[in-house]
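Heads up, the thing below is written out as structure tokens.
The values are calculated or read from the model by the stated rules, or taken from the named source; none is laboratory data. Not measured: the values here are computed from a predicted model. Because the Cβ atoms are built from the backbone with ideal geometry, glycine has one as well, and the counts that use them run over all protein chains shown. Ligands, DNA and RNA are stripped out before the accessible areas are found, and what is left, the full protein with its side chains, is counted by its heavy atoms. Shrake-Rupley method; radii C 1.70, N 1.55, O 1.52, S 1.80 Å.
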Amino acid sequence: MARVRGNDYRVLQPPEHFTPELRVSVIIPAYGGQRKLDLVLRALARQTYPAELTEIIVVDNGSVPPLRLPEGVDARLVLCERPGRASARNAGLAEATGDVIHWLDSDVVLTPGAIEAHMRWHHTAPYLSVTGYLRFTSAELPEALPDDLEAAFEPAEPHAWIVGLVERTDGLTGGTQRPFSLHVGGATSVGARLVEAAGPMDDELILGQDTEMGYRLAQAGAVFIPEPRARAYHLGPTMRMREQKRIDRVSHAFVADRIPAYQWLRTHPDRQWKIPYVTAVVDGTAGYDNVRATVDALLAGTAGDLSVVVVGPWDELDRDRRAPLKDPNLELVLVHGHYEHESRVHLATTEEVHPSVPFVLRVPAGWVPGEDTVSRLLNVAKADEAGLVGVLLDETPEGVTAARLERVSSFARARLLARPGEPLDDVVDEVSAVRWVEGETYGFGREPAELLGRRAAYRARTEARAEADRLAKENERLRAQVGKWRDEAGKWRKSAVELRREVGTLRRDLHAATRAERAAKVGVRFKLTGTVKRALRRATGH
């Protein structure tokens, strides 16, 4: 089976022509809208994918009057009294027998080759989620399904959000950490094994069920594919198109608890969420002091969106009330008593990590992470798109001691693809990446860390902010002083220019005066010479 790295599905290369073998179950939740439903079912009857391999399940979600199936349509009608699209889809899912589940809304008319375009991918690999391209038409509803859908429903608007997502991520093959956002219930197909692994839609959600299930499919190892040949017309605008801001407001209030990848919805520094971003697993049988040093450091770190699972035989503890210091299970008793009421620590008899947690950190008890260690390791995993970040802690003749940060989705994909006996880490390296770092470099040590309490952390933040404010003010003062010096320098430069001009003038005047003085001296010399000559002549009688 082809091994897709990340979400780069281009290695799959599905054939243009294939022999259909897989059954597909098309599940259509519906509430009212009989005329639209009739058109949707007529369009399914025209599909090029074999009818004998196509199962159509219509779920009436309490319509008044009840929905009916048009004559000649090979489909089943299922009733679901519990309101909500997720409940209706789950009711249809419970009845489905196909190898592939195709979600379809009751106002989406498929073009004839749409299901075949989906199924050619599913015949290539069993761990795919394929989404078709919708176009939104405002054309008047026809009485019967026209032969030429394009002529009847165009002009129509594309699904701008999906088109934009696909274009800016090179077809969803790179540049996105959240390809699961492509999973929309209106026109998406998923391998039934993946749906079974991820579980049904969350019917507690009012909105956002499609995206939340897409996230769980990703956690189960799914690859998400946009298929432009799987075209369909949406009869009228969606509720999201009409009320996007209001829908996002309602949706975000609930999905923040369930989709840890939406970190921008988790801005509160101390809140706990239904699904944490990372769960650390620690062996609770390694001694009270060792366990406490590791767990306390994890809880005090900068990665606040974190929980800890401490594994041990907690169900076998029977505390010795008379001689507690002689209790053979004293170390376990101390660990259990220390964390029994800590909400972020789960004392489990087996490793119990919620499948929706994105990252699992395995730390040997007694090794103490630094305050920012977990956050730094998460940054390595995200920057390198790594499925595993190994942390070398110690190496002795007996072997290597290491911590491991595992990306759950990468390991789920690897389990789907691994051959019998093949090391799982090797497969992870193929479908994502494996990185190794030095524990000391990333803050691991053996000594219990000095933990800053909330008050100490608050004081540290307050002092840091005060120092930052002081430095900012000092910076402003120095900037003002520099400006003043610049003004003074400008004045000095102007004065220097004026002085140079005055010096030049004085030099010219001095030069002129010197020349005049020299000329005067020469004239006197000539005058004196004539007088002396006349006196000599009188004296000599010549």
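Looking only at segment 336-347, count how many residues are in contact with a strand residue (DSSP E or B) (Cβ under 8 Å, 6 or more places away or on another chain) and either assigned to a strand (DSSP E or B) or open to solvent by 20 Å² or more (accessible area, probe 1.4 Å) (or both).
As a first pass, look at segment 336-347 and keep what is in contact with a strand residue (DSSP E or B) (Cβ under 8 Å, 6 or more places away or on another chain): 336, 339-340, 344-347.
Filter once more, so that each one left must be either assigned to a strand (DSSP E or B) or open to solvent by 20 Å² or more (accessible area, probe 1.4 Å) (or both): 336, 340, 344-347.
Adding up the residues that qualify gives 6.
Give the residue, chosen from 373, 401, 350, that is of a type in the set (S, T, N, Q) and open to solvent by 60 Å² or more (accessible area, probe 1.4 Å). Walk me through it before giving the result.
Values: 373 fails: open to solvent by 60 Å² or more (accessible area, probe 1.4 Å); 401 fails: open to solvent by 60 Å² or more (accessible area, probe 1.4 Å).
Answer to the selection: 350.
If the requirement is being in contact (Cβ under 8 Å) with a residue 24 or more places away in the chain and surrounded by 21 or more Cβ atoms within 10 Å (Cβ to Cβ), which of these qualifies: 433, 412?
After applying the criteria, what remains is 412.
Please find, among 250, 333, the residue that is touching a Gly at 6+ places or on another chain (Cβ under 9 Å), open to solvent by less than 70 Å² (accessible area, probe 1.4 Å) and either part of a helix (DSSP H, G or I) or under 30 Å from residue 49 (Cα atoms) (or both). Please lay out each step first, then the result.
Values: 333 fails: touching a Gly at 6+ places or on another chain (Cβ under 9 Å).
After ruling out the rest, the residue left standing is 250.
Within segment 172-190, track down each residue that is touching a strand residue (DSSP E or B) at 6+ places or on another chain (Cβ under 7 Å) and either at negative phi or exposed (fewer than 15 other Cβ atoms within 10 Å of the Cβ) (or both).
Taking segment 172-190 and keeping what is touching a strand residue (DSSP E or B) at 6+ places or on another chain (Cβ under 7 Å), we get 172, 179-180, 182-190.
The answer is 179, 180, 182, 183, 184, 185, 186, 187, 188, 189, 190.
Do we find that residue 13 is modelled with pLDDT under 95 and of a type in the set (S, T, N, Q) in this structure? Show your work before the answer.
Numbers: modelled with pLDDT under 95: yes; of a type in the set (S, T, N, Q): yes.
Yes, satisfied.
Check whether at least one residue in segment 191-205 is in contact with a strand residue (DSSP E or B) (Cβ under 7 Å, 6 or more places away or on another chain), open to solvent by less than 10 Å² (accessible area, probe 1.4 Å) and at pLDDT below 95, and report yes or no.
Checked against the condition, which is being in contact with a strand residue (DSSP E or B) (Cβ under 7 Å, 6 or more places away or on another chain), open to solvent by less than 10 Å² (accessible area, probe 1.4 Å) and at pLDDT below 95, segment 191-205 yields no hits at all.
Report the residue count in segment 283-302 for those that are under 14 Å from residue 374 (Cα atoms), in contact with a strand residue (DSSP E or B) (Cβ under 8 Å, 6 or more places away or on another chain) and either open to solvent by 20 Å² or more (accessible area, probe 1.4 Å) or part of a strand (DSSP E or B) (or both).
1
Looking only at segment 185-203, filter to residues that are among the aliphatic types (A, V, I, L, M) and part of a strand (DSSP E or B); which one of those is nearest to residue 100 (Cα to Cα)?
First pass over segment 185-203, keeping only residues among the aliphatic types (A, V, I, L, M): 187, 190, 192, 194-195, 197-198, 201.
Remaining after also requiring part of a strand (DSSP E or B): 187, 190.
On the way: 187: 13, 190: 6 Å.
Across segment 185-203, the extreme among qualifying residues is 190.
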